[in-house]
1. Let me know the mean shielding of B:216-228 by other chains, meaning the per-residue number of their Cβ atoms within 10 Å of its Cβ.
2. Let me spell out the model: positive unit charges on the Cβ of Lys and Arg, negative unit charges on the Cβ of Asp and Glu, origin at the Cα centre of chain B. What dipole size does that give, in debye rounded to 20?
3. Quick check on chain A: helices-only [θ] at 222 nm, where DSSP H runs of length 4 and up contribute -39,500 (n - 2.57) each and the sum goes over total residues. Nearest 500, please.
4. Would you mind checking A:Lys55/A:Lys333; A:Lys183/A:Lys333; A:Lys134/A:Lys183; A:Lys333/B:Lys137; A:Lys136/A:Lys183 for any pair whose Cα atoms are more than 31 angstrom apart?
5. Could you report the range B:8-338's accessible area per residue, 1.4 Å probe, as an integer in Å²?
6. How far apart, in nanometres, would the label points at A:His162 and B:Gln272 be if each is projected 7 angstrom from Cα along the Cα-to-Cβ direction?
7. Taking chain B as a Gaussian network, Cα atoms linked when under 10 Å apart, which of B:Pro104, B:Pro250, B:Pro300 shows the biggest mean-square fluctuation?
8. Mind checking the range B:7-112 for GluC sites (Glu not before Pro) that DSSP puts in a loop (not H, G, I, E or B) and that have at most 11 other Cβ atoms within 10 Å?
Amino acid sequence: MNMKADVTRRTLLDVQDLHTVFEKDGNEVHAVNQVSFDVKEGEILAIVGESGSGKSITAMSLLRLIPSPPGRIVGGRVLFNDQDLLDLDDEQIRRLRGRDIAMIFQEPMTSLNPSLRIGRQLAEPLRVHGSVPKEKVRERCLELLRQVRLGDPEKRLDAYPHELSGGMRQRVMIAMGLACLPKLLIADEPTTALDVTVQAQILELLRDLVRANNSSMMLITHDLGVVARYADRINVMYAGRIVERGTAEEIFHHPKHPYTLGLMESMPRLDQAPGSRLTPIPGQPPDLSDPPPGCPFHPRCRFAEARCRSERPPLEQITDNHWKACWVDTDAKR
Amino acid sequence: MPNAEPLLQVSDLRVHFPLQAGLLGRNAGTVKAVDGVAFHIDRGETLGLVGESGCGKSTTGLAMLRMSPLTDGRIHFDGEDITHPDKPALKRLRRRMQMVYQDPFGALNPRMKVLDIVGEPLRVHRLTQGRAAYREKVMGLLEKVGLKAEMADRYPHEFSGGQRQRIGIARALAADPELIICDEPVSALDVSIQAQVINLLEDLQKELGLTYLFIAHDLAVVRHLCHRIVVMYLGRVVEVADRETLYDNPQHPYTQALLGAIPIANPDPEVQQHFNPSLSGEVPSPIDPPPGCPFHPRCPHATELCRREAPRALEIEDRHSVACHLHDPDRAQAMAGNL
């Protein structure tokens, strides 16, 4: 079950006004625009959004994995244990990646090196960070593969990635991510490429291991079902900005931002009677090289007022566990 | 249903692909993509074909259009045997049966104007007389799918994913088909856009009396759109039932596991307790499928019989059939006798 968000827990990661731009056809695309959020110790924080919302670029910016050019982090602070990751030199950030903050990507097919055996790849973070003595590396690798419940671990160490199924490869990715017991695990759509029965196994495993290690996880996904099951708190992103933030309970039962409301209404729900008509969000997300003035959602918003077209609403706290970036009192208007 | 005869009837469909190895193309076995599939589609209904990757659902859809080779089986469309049509018959058939594809980016020729993409079936089947009538017909189709008539002169790259899927639907509608095979038509789209396309498909069905074969892996979308659902696993049909029956009372252990593995967008503990990710392992390779019931290596109820013999499809109640030894009273008795 979800842990209730606990405001008294220590902050592990504090992101302030993160701003990442991409150069595209001579234009600046503001992929992540003044994004602020934090991750508490021991929590699972979800970042939800559709394609182009900036959720993956946010994650990659934290670890400075943005390809440059065309990308550039132009502003903000990323405080991890009170140290600004954006100030670190290349060597320092390399030492931190995998050891303190690890990342699991969407595509296990492309994230593993096809020409190296699993054992060698799994051992790499352990060797680079010297987390275990040399003679213990193999033992630790076997232990990790057992932890992610990969059958026949001895044999798998000598296998190449193509000899494993998609689900098995994703288990290896998780084992690599957890190898050095990072304090923060960033999982970017970790199961999107997998079938639903395999997705369920992998996500349960990931949640259990993160809890067992006393780590935190940032879960990046477009799947609201996954978010409802695993997240303690949720950030909803749209057009490079966070438009709503709250506990899972708040976001699913009392959504306030018209975009979040729209997502809930446009999705066929298994927990509701079938057959009722869906309410889509009209139009499509804006072109971020030429965003609309005011609130980025206003061209698709059924509540939009004059002010929304000219002035961008800031992300403001509305209750203890809930923030929104919207001028309109959506509860009154519904 | 006003007309009791099904629009499409498939029996014992098999699609096997030879597997070649090495430079000489030595025969290295057979992929049994579809292995003994039977179902029918009633006029005006939406039949869902669901299952995980490799279950053969897309191959089955392509076989309907005769776009994948049949190894065995029979297909009847509107009472006519279309298993081995000659060329003119195939052309007639493809006018009455159209397809909407998953990938709105790959399915449209980037060098063609929307006018000629949507109008292609009109040209192939010579359905309009003269350029003006052709243009007018295409513009009408674009408006029908919620696009603007003047978009006819643009190219695919100028459109978003959702708009491209509308173009694909307009093309499918051009020849006034009776059956549209939709292969994952919304799975590449974002949630907010997905609903637009789902509603469009619903409206068109109502307006034009269309019949859909809806192939998808997203069980929430399938429950929303489909009247009846066929669940496939590793090339076989494991369960067929009306929507309400399938979701409220699934009987095949695979259907039960599949439904239990979908995370539901509601964090309440009462809702979450139905989540049951108990199924272990992954779908085996169709090159070397397990003997007996294809699901037995993952099935919590598997017996010796399941490892040995493939179960037959049995109607356990009206409009609900299951291929599982657990639901076969004769087999269960035989098993008890053996013990």
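The values are calculated or read from the model by the stated rules, or taken from the named source; none is laboratory data. Treat the numbers as computed from the prediction; the structure is a model and nothing was measured. Glycine also receives a Cβ, built like all others from the backbone with ideal geometry; neighbour counts cover every protein chain displayed. Calculation scope for accessible area: heavy atoms of the full protein, side chains included, ligands and nucleic acids excluded. Shrake-Rupley method; radii C 1.70, N 1.55, O 1.52, S 1.80 Å.
1. Numbers: counts 0, 2, 2, 3, 8, 3, 2, 5, 10, 4, 1, 0, 0.
Mean number of neighbouring Cβ atoms from other chains: 3.
2. Working: 37 positive and 43 negative charges, 316 e Å.
The dipole of chain B has a size of about 1520 debye.
3. Working: 13 runs with 107 residues, N = 334.
Theoretical 222 nm ellipticity from helices: -8500 deg cm²/dmol.
4. A:Lys183/A:Lys333; A:Lys333/B:Lys137
5. Here the residues of the range B:8-338 average 43 Å² of exposed surface.
6. It works out to 4.2 nm between the two label points.
7. Highest fluctuation among the options: B:Pro300.
8. Details: sites: B:Glu45, B:Glu52, B:Glu80; in loops: B:Glu45, B:Glu52.
When the GluC sites (Glu not before Pro) of the range B:7-112 are filtered for loop state and at most 11 Cβ neighbours within 10 Å, nothing remains.
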